[in-house]
Structures are given as structure tokens and as C-alpha cells.
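Comments concern the structure below.
Bear in mind that the values in this text are calculations on the coordinates, not laboratory data. In this text, all values refer to a predicted model and were calculated from it rather than measured experimentally. A quick note on method: Cβ atoms are made from the backbone with ideal geometry, for glycine too, and the neighbour counts reach across all protein chains shown.
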Amino acid sequence: MATRLRESTADRISNLPDGAIERILVFLPIKDAARTSLLSRDWRNRWRSIPQLVFDDYFAPTPAGNSYLPDENKVMMQVYEALMGHDGPIAKFELSISGIRNPNVDILMRYISSKGVQELSLLFWECHHLQLYSSLFFALPLNRLRLQYCTFSLASSFVGFSKLNLVEFNDVFLPDNFYENFIPNCPLLEELRVFDCIGTEHVFVAPSLKVLLFHSGFEKICFKYTPLLSVVSVLDTEEFMYDDDYFVKHNPDMVSLFASLPALQHLNLGIELLLVS
């Protein structure tokens, strides 16, 4: 009875258009998507071509009551096996499993470098020593890049990401002059999110930028030509929490600041606002 019911359900779903089936699989966690191969012969390989692969804590959960994190080598082997079994392009790839501190990123990128990844999220677990170079991602047509807990450096041959429109760095170490070299070489960059990063102190804002969320330590931010910037949230986590007057003291010409932001709609400076009549 259970077998007939399962086959009947699978048959009804199998009659849906391919686009609808793909959309269903995309919204399932990767483990559940793989389990659909048990529905029927027609479903055996459908999950292998879904365009989004998200490996998170649902993929490798920590057992209830267990204070130990998942075995990193075992988990990464499961990730590699899933990638080896994937047949089509991958529009979105995310690795965000708690406890993954030191994966072999070279091997990982080897698996996905030919998959046409457009949205890449590598969210590691407290491992600033993990060194990532921009050259790792050169073969990818990235439009979104999210990195967490690593050191990100630009290769000497860095020529930019021509399609990148969103970048998010969270607890990332960035070397000196990073923004001056990175942002001008991302001509379509519209949104920059930086949280609790260390290293570079001078921030360069590109003319194409529309959203800037910068909650991190800095010495200077340049808004010289930002005609499209509509959302600005700037918080110096190293200074503002101790001195609300820091920004005013170091940026006395506030009129020039606002004049360089003609499209501004939302502003948060992380300090008490001063009204000037």
C-alpha cells in the first residue's frame, strides 16, 4: 500500500513541467533533494542537475547533546562526492557548515571551476589563517561573493571581476590597499557589505555603488564620486562604541560629505545625529 501511494505521488509530480520540478528541488536541502531519487526510476538523477548546492548545518548537523563538531574530513568527502555526482551548471554554491575550519579550498574550487558558479559563499568557522587568493575564483563568472573567517588577498595578476555586483566580507582579514585595488576593478559592483574585518584602513567607494554597509574599523572612507549611493550604514566598530564624536572630529566637512551623495535615501553613521539649523 505504501509503495503504491509513493509511486502514485511520484507519477503526479513527474508529470509537472521540468521547470516546476527543478524549482521544487531547488527549495529542498541537498540531502532531501538527493532522497527524491528513491521516488521512481524517472527521479533517480534529477537532483544531480539542480542549479543550487547549499552545504550548511542541515547537511552535516551536530548530533543532539553532542558537544563535538562534525568530522571535517568526513564531511568534506561527502561534499566532494556530491559535486562529483553533479551533472549540470551550478548557479549558486554555498559552504557554511559549522566546524569547517581548514578545508582544502584548492580541491573544492577544482570541482566547481567549470560549473559556471555565479553566487559563491564560503563561510568558514573561525579560521583567519585560511588564505584565499582572488586567482582561485578567476574562472568563475561571479556576480555575488560572500566570504567569512579567512584572509583574502589579491593576486599580483588580479584584473578584477567584470560581473560582480555584490560582495560581503564577514570577519575577513584584508591586506593594506585592498579596497583601492579591488573595487575599481569591479565595474558593476552595486553593494558592498563589510562586517568586523581587519587589516586595511582606507576604504574606496566606487561610482557604481548603490549600497554600502561598512561595520568595521577604518581610518578613512572616500566618497569622492558616488552619484548612485542611496543606502549608507557606516560604523567604526573600533572607535564608535567608545567615542560618539569620533566621526565628526575626523570628518569636519559634513556638508561636502552629503553633497557627494546626491542619491542618498538612508544614512546611518552609528553616532548620535546632530541637527544643524
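Gain on full extension, evaluated as 0.36 nm per residue between M84 and I198 minus their Cα-Cα distance, stands at 37.5 nm.
Counting only residues 5 or more places away or on other chains, whose amide H sits under 5 Å from the amide H of L188 once H atoms are built in the peptide plane? The answer is L164.
Note on K92: lysines with a C-alpha under 18 Å away, same-chain residues under 8 apart excluded, are K31, K115, K163. Rounded to the nearest Hz, the phi-derived 3J(HN,Hα) couplings of region 120-125 under the Karplus curve 6.51 cos²θ - 1.76 cosθ + 1.60 (θ = phi - 60°) are 10, 10, 10, 10, 8, 10, where x marks glycine and proline.
Shape class for region 145-232, computed from the alpha carbon gyration tensor (a ≥ b ≥ c): rounded, with a/c under 1.5. Whole-Hz Karplus values for region 100-114 come out as 7, 9, 9, x, 7, 5, 4, 5, 4, 5, 4, 6, 9, 4, 9 Hz, taken residue by residue from phi with 6.51 cos²θ - 1.76 cosθ + 1.60 and θ = phi - 60°; glycine and proline positions read x. Using Cα positions and a limit of under 18 Å, work out the lysines in reach of K224, with same-chain residues fewer than 8 apart set aside. Leaving aside lysines fewer than 8 places away in the same chain, those within reach of K224 are K210. Just to be sure I understand the model, the point goes 7 Å from the Cα along the line to the Cβ. What's the resulting L188 to S156 distance in nm? Placing both labels 7 Å along Cα→Cβ, they lie 3.0 nm apart. Among the trypsin sites (Lys or Arg not before Pro) in region 90-191, those placed in a DSSP loop whose Cβ has at most 15 other Cβ atoms within 10 Å are R101, K163. Residues with beta-carbon under 15 Å from that of D71, excluding D71: net charge, scoring Lys, Arg +1 and Asp, Glu -1? Within the 15 Å Cβ shell, the charges total -1.
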